[in-house]
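Each reported figure results from applying straightforward, stated rules to the coordinates on display, with no laboratory input. Computed from a prediction, not measured in an experiment: that's the story for all the values here. Cβ sites come from the backbone with ideal geometry, for glycine too, and all protein chains shown count toward neighbours.
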Amino acid sequence: MKTVFVTGAAGFIGSNLTGALLEKGYRVVGVDNFDDTYELRFKEAHIASFLTNPNFVLYRTDIRDLPALKEVFETEKPTYVVHLAAKADTRSAVQTPRIYTSVNIDGTLNILELCRDYAVDNLVIASSSSVYGNSSRVPWKEDETADRPLSPYGATKRAVELLAYSYHHNFDMNITCLRYFNAYGENNRPNMVPYLWGMSLLRGEEVEISGDGSRKRDYTYIGDTVRGTILAMEKPLGFEIINIGNNAPVSLKELLTAFEDIIGTTAKVKSRPSHTASVEVTYANVDKAKKLLDWEPKMPLREGLTRLVAWLRANRFEES
């Protein structure tokens, strides 16, 4: 049984990935520092079902704590590492950049060092569509220069990609950086638009929309994101950067209409000015993912949103 080391295992993508890996017969070593980005009870709920699984072990450890991480590597000897842990809010990063550089860059450097020292077969690192900034050359391809991110968050993710390449070059490590595009679905982070809007509509509250609602996002169902991540983990490629996105951006207005239809309500809308860190569109070209990973998105947006609403009703709405 191969062991997969997953950082950020109690988070949105991490908990979904952990569940999928366990179902596939992997042993999972989860690491999470359970920070207060959002309510800790949500993260605890994400992993509750894993704690009784003999093939899962959890370490409540910060990726910036190199000695503690080294003990985990020494004990668990992972075959694969999927590094998801990060500070991940573009707008907050504009106001508090130091925590983003500390966690996202310094923490990733620790992971790179340990993967080198313990000869991990393959390392997958979560990057972000935020590295593309406001590039108008859509859909975005991985060979885009990506040197003008709008937020320190995007800047840290681009820095991580560059660091990763240097480790591949100098130590012949297998590293794939996945540029995730607007993941949504079960266990959604509470500060993301699909979660916020779904909850507001279920409660009959106002929905806050950025600008005139014309901005577009490439919303990608979490199941598709996780499937692409596992395919990348199982296929060492030397060094690659690969988009994982839905390849079908929708406007905020279109997203809201879909939510209204699914929930059966009409939104009370409140507009707010757009943030300086908000891009006009996110739009993934996924040709490289198709070629290298035999991956493409499968979940239609409306069906994915229906699943998210059902999850919100079952796990968040009743307790609110």
Next on the checklist: Taking the Cα centroid of region 90-139 and of region 24-83, what is the distance between the two, rounded to the nearest whole Å?
Outcome noted: 18
Next on the checklist: On a full-extension model of 0.36 nm per residue, what is the gain between T257 and S166, subtracting their alpha-carbon distance, rounded to one decimal in nm?
Outcome noted: 28.3 nm
Item to check | Antiparallel DSSP beta bridges within the chain, percent to nearest 5 | outcome: 5
Next on the checklist: Take A119 and S271, extend 7 Å from each Cα along the Cα→Cβ direction, and tell me the distance between the two endpoints in nm.
Outcome noted: 6.2
Checklist outcome for this item: Taking only the alpha-carbon positions of region 80-232 as identical scatterers, the Debye log10 I(q)/I(0) at q = 0.10, 0.12, 0.15, 0.19 Å⁻¹ comes out as -0.40, -0.57, -0.87, -1.32
Next on the checklist: Under 16 Å between alpha carbons, and skipping anything fewer than 8 positions from K268 in its own chain: which lysines qualify?
Outcome noted: K253
Item to check | Residues whose placed amide H lies under 5 Å from that of V6, excluding near-sequence neighbours | outcome: V29, G30, V31, V82
Checklist outcome for this item: Partner lysines whose C-alpha sits under 24 Å from that of K288, ignoring same-chain residues fewer than 8 away, are K141, K157, K216, K235, K298
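Would region 263-320 count as rounded, prolate or oblate if I go by the C-alpha gyration tensor, calling it rounded below 1.5 in a/c and otherwise prolate when a/b exceeds b/c, oblate otherwise?
Here region 263-320 falls in the oblate category.
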